[in-house]
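Q: Following this message is one structure expressed as structure tokens.
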């Protein structure tokens, strides 16, 4: 079993000062694959102190030098992509094919686009022709606490680390304790890329320990967090006393509105998207809203797709979905499936328990409920597993009302051949993102939500600006 008990602080791998050990499991086998140390307050303080000491020098480094360091990191990331895929697959259960492509690829894509964005960003610019002596300076926020989840490890880590480095910030990363090995591998890469000591620090820990200490720390200038809405509320309260900047990417309960004129693959595409990464995506289209004239046909299609979705261990090559990340997550999903049954939603496919032949590992049956109404638990709460709900609608207005009937507002989806209707609906959906007809947003699309899905944006120029302060200077020259 791998020993990964050290933290990365001030350019060195160091033993914990006041931590306690925790085993990391392979969710496909329930076997221990590594031991990490959940740090304590003293470990977090040491990392913050290192970041604070490194901040003046890194902040004063020219953008071109910071970009060059990121380009070195990109080269190393590409060279070690195979190791990264293996780490992600083993620690959180992504099938190896998904880990090699989407999981590792997301990190590479965000790093690449951060470099492109930083190269085109004017960190110093005039206010305008009307005020020729006024200059606007974009300066790094300062010491940042970056707290990331387990479901898309490199996607979320790189969305924070790369723009923070490009902006000139220094940082302490606390990755999810369930899936820390990929982040520790990234720390090795950052070290090899030659970033100055203290610019990037990593302390393993849990939310109640290191996470809470960082969010309330008086020397931390910004918290960027991705995770549950419940934790985001707690972080906002914890950070308020020191009036630090807080950026939150939280839960979602995305609606997928399918009109009768949608293309014939829209339902199949929606079910597969919901089940992708074993349903462990905050932007998953988990509520399928279908125009009544094609509703029963959509229910049958969803049943067929679910029943034909293979489930299996993460190390097997193929297009299967893997396990969920942990026993805690497995039990949470079982609770929601039982709630759906108890509240009399129509169980179309799947259900409680593990798939046949998979008694070991945290495997969940791909599950579909029909006739789900807004008063049901599985409509209102984020399941974070391979569970899809279907609900009929009669009019465009009803579809919009149903889609917006949620405390969340991350991503919604629209399927229709009528472009005018698609645009009309997209404008009325209360979410930070709207994906239409299966077309993903381009590189640099701002990622983030409205309502209880969070504040702030990640990706592209918006993600870079999250880590920058704006300073106005008069009589510049």
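Since every read-out is calculated from the coordinates, none of them should be taken as a lab result. Since the structure is predicted, the reported quantities are computational estimates derived from the model, not experimental observations. Glycine also receives a Cβ, built like all others from the backbone with ideal geometry; neighbour counts cover every protein chain displayed.
Q: With axes computed from alpha carbons, what is the tilt in degrees of helix 229-240 against the longest principal axis of the chain, rounded to the nearest 10 within 0 to 90?
A: 30 degrees
Q: Show me the ranking of peptides 265-273, 198-206, 466-474 by mean Cβ neighbours inside 10 Å, starting with the highest.
A: So the order, starting with the most tightly packed, is 198-206, 265-273, 466-474.
Q: Among 39-47, 142-150, how do they line up from the highest to the lowest mean number of other beta-carbon atoms within 10 Å?
A: Output ranking for 39-47, 142-150: 142-150, 39-47.
Q: Right, here's the next one. Could you give the distance between the Cα centres of segment 255-305 and segment 151-172, to the whole Å?
A: Value for the Cα centre distance between the two parts: 33 Å.
Q: Continuing with the same structure: Among DSSP bridges having both ends in the chain, what percentage is antiparallel? Round to the nearest 5. Mind showing how you got there, number by number?
A: On the way: 27 of 67 bridges.
Bridges in the chain are about 40 percent antiparallel.
Q: Follow-up question, since we're still on this one. Based on the mean of other beta carbon atoms within 10 Å per residue, what is the order of 184-194, 244-254, most packed first?
A: Most protected by this proxy first, the peptides run 244-254, 184-194.
Q: Follow-up. Would you mind getting me the FRET efficiency between residue 18 and residue 297? Use the beta-carbon distance for r and R0 = 45 Å, nearest 0.05. Please report the intermediate quantities before stating the final value.
A: On the way: r = 60 Å, r/R0 = 1.33.
That gives a FRET efficiency of 0.15.
Q: Between residue 32 and residue 342, what is the label-point separation in nm under the 7 Å Cα-to-beta-carbon projection?
A: Each label point lies 7 Å from its Cα, and together they span 3.5 nm.
Q: Work out the FRET efficiency for residue 68 and residue 131 from their Cβ-Cβ distance, taking R0 = 30 Å, and round it to the nearest 0.05.
A: Approximately 0.35, to the nearest 0.05.
Q: When a footprinting reagent is the concern and you count Cβ atoms within 10 Å, what order do 341, 235 take, fewest first?
A: 341, 235
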